[in-house]
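Trainee: Supplied in structure tokens, the structure appears directly below.
The numbers here are math on the coordinates, done by the rules we state, and not lab data. Values in this document were obtained by computation on a predicted structure and should not be read as measured data. Here the Cβ positions follow ideal geometry from the backbone for every residue, glycine too, while neighbour counts run over all protein chains shown.
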Amino acid sequence: MIRLNSTYLDMIDRRFRLRGMVLTTTVLLINAGLAAWGLCRWSNRVLGGPSGDAPAYVLFALLLLVQFALLYWLILRRDFFTYKYYPIRFNRRTRMVHAYTDGGPDAVISVPWEEAHFHVGEGKGERYLRDIRCHVLDGEIIRHTFAVGHYFDDEDKIREVWEFIRRYMDEGPASVLDAPAKPQVDLSVADTWKNCHATVVISLGQALLPLRGLLMPVLLPLVACRWLVLKSSRQPVWPQRILDESVIDAEDPHRWPEPQYIGQFDEKADGRAS
């Protein structure tokens, strides 16, 4: 969740936690290493070696460019120069669900809450992963599908997220929490180095978290790649029609505070400086 008030609830998209992570970082590092090696060898030959080897290095450079173009098309373009995140908005007042897409504000998927078909989805490669998915139907034909929120390897957590959304839409913002939970947003989507670092560290899980200091040489490339991905991408902007129906009351008692960075409210709770 990234935003909550009496008018609407904004959820993050499934792929947000994967942006610029292991696959993207690995592809970039391999290509950067090959490019550096090729450039070094080529410069040595040009400056001090026989000129007859030049065509071989030109061919190598062309093959490297073709490889990079192929990997960019298959993998990197899904992360770089897209949108920083793809929010899903649940509007209580209009009873509508809106999902942002790669097509931008002109391609937002909108469906009435009562006509949206939600279910528990599973991963394709890692079938133990679960998420919340929504089908938008035209009769018996599925026209659109989008996922809501993070994925987990525990279906109970997914059902808890769904119950949160259901309570918000059907019962109102005052009913979404059970004591002693606090009404606050924990996730920040700001494209800062601090948030990227927090996301990478959190992804280690409880077992590896105590080793984060030792693993920092491995983690820093992930942090840098995620930061580059988010910096290269655009901020999603809802179309005007959705903004017009999403006006928040100035004195809304159910507008939850939003952190400037991940973990901000946890630090305050622990008595640490924000």
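Trainee: Taking +1 at the Cβ of each Lys and Arg and -1 at the Cβ of each Asp and Glu, which of 91, 81, 112 sits farthest along the dipole of the range 64-138 towards its positive end, judged by Cα position relative to the Cα centre?
Mentor: Result: 91.
Trainee: Okay, moving on. Could you work out how far helix 216-232 tilts from the main Cα principal axis of the chain, as a 0 to 90 degree angle to the nearest 10?
Mentor: 70
Trainee: Angle check, please: helix 54-74 long axis (alpha carbons) against the longest principal axis of the chain (alpha carbons), in degrees 0 to 90, nearest 10.
Mentor: For 54-74 against the chain, the angle is about 10 degrees.
Trainee: Under a straight-distance cross-link criterion of Cα-Cα below 12 Å, which aspartates and glutamates are reachable from residue 231, leaving out those fewer than 8 residues away in the same chain?
Mentor: Partners within reach: 79, 191.
Trainee: Subtracting the Cα-Cα distance from 0.36 nm times the residue separation, let me have the gained length for residue 167 to residue 192 in nm, one decimal.
Mentor: 5.8 nm
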